[in-house]
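Below is one structure, written out as C-alpha cells; the observations come after it.
None of the figures in this text is laboratory data; all of them are computed from the coordinates on show. Only a predicted model underlies this, so the values are computations on that prediction, with no experimental measurement involved. Every residue, glycine as well, gets a Cβ built from its backbone with ideal geometry; the counts of neighbours run over all protein chains shown.
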Amino acid sequence: MQHRSAKQKDGKICEIGIKSANISTKKLDISTYLCNMKQNVFLTLLALAVAIGILSSSCTPEPLVETPETTEQEQEQEPKNEENEENGNEDDTTPQEQSMTITITVGSQVFKADIEDTETGKAFIAKLPLTLDMSELNQNEKYCYGVSLPRDDKYYDSIAAGDLMLYSGNCIVLFYDRAGGYSYTRIGTLTGTEGLKEALGTGSVRVSFAKE
C-alpha cells in the first residue's frame, strides 16, 4: 500500500516535472520567436533606411550652372571691340563731309577750284572725274554742252577770270577773262588763275575735272 502510494506520488512528481519541462520548452520557443522577430524587424528597418538613402541621393537634382551662350556674330565682334579699346578708337558712324575742292587739268597745268556747297556743286562733284573737249567763245571763255546739272540761274553783270559756271542747265563754262551780262548758275571758282589764259589758248582745248 505504501509502495503504491509512493509510486503514485512519484508518478505525480514525474508528471509535474514533465509539465514544467513543457512549460520551459514553450518559454524557450517564445523567447526564440521573439528574438527572431526582433532580428527580422531590425533587418527590415535597416534595409528600408538604406533604400531611402539611395533614393534620396539619386533623386536630389544637381544644381544647374547657367552658361551664357555666345553667338558667332558676338564672337566675331569681341576681338574687334577689344582692338578698338586697345587703340583707344571708337566706331565712328558719322559720315565724312564731302570735299568741295577739285583739280582742273589743262595740258600740263593743274589748277584748283573751290566748288559751291549747293545742289548744283554737289551734283557736279558726283559726276567727276570728267574730261571735256571745250570750245572757244568771245576770247574770254571755254564751253561744252552735254553736262546736265540742277540750275539756279542768276543774272551777273560782272564775271571774273576763273569763274566756273553752268549755262542753260546743260553747258559747262570756264571763264579765263572778264565777262558779264548773262544768267548763270555758279558751280565754283578757281583758287588761282595765273597761267590759266595761256594754258587754255585761243582754240578748242581738252580740260579734265577731278576730285582732289
Given (1) in contact with a Lys or Arg (Cβ under 9 Å, 6 or more places away or on another chain); (2) closer than 15 Å to residue 205 by Cα, number of the condition residue 170 does not satisfy
(2)
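For segment 130-202, which fully contained strands (runs of 3 or more DSSP E) count at least 3 residues that are over 21 Å from residue 109 (Cβ atoms)?
On the way: elements: 130-137, 141-145, 154-156, 163-167, 171-175, 182-190.
In segment 130-202, the matching strands (runs of 3 or more DSSP E) lie at 154-156, 182-190.
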Hey, can you tell me all the residues within segment 173-212 that are of a type in the set (Asp, Glu) and surrounded by fewer than 16 Cβ atoms within 10 Å (Cβ to Cβ)?
194, 198, 212
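Which members of segment 159-172 meet the condition of being surrounded by 22 or more Cβ atoms within 10 Å (Cβ to Cβ) and in contact (Cβ under 8 Å) with a residue 24 or more places away in the chain?
Looking only at segment 159-172, we keep the residues that are surrounded by 22 or more Cβ atoms within 10 Å (Cβ to Cβ), and these are 163-166, 172.
The answer is 163, 164, 166, 172.
Within segment 105-129, work out how many residues are of a type in the set (A, V, I, L, M) and either in a helix (DSSP H, G or I) or surrounded by fewer than 16 Cβ atoms within 10 Å (Cβ to Cβ) (or both). Full working, then the answer.
Of segment 105-129, the ones of a type in the set (A, V, I, L, M) are 106, 110, 113, 115, 123, 125-126, 128.
This time we only want the ones that are either in a helix (DSSP H, G or I) or surrounded by fewer than 16 Cβ atoms within 10 Å (Cβ to Cβ) (or both), so: 110, 123, 125-126, 128.
Qualifying residue count, segment 105-129: 5.
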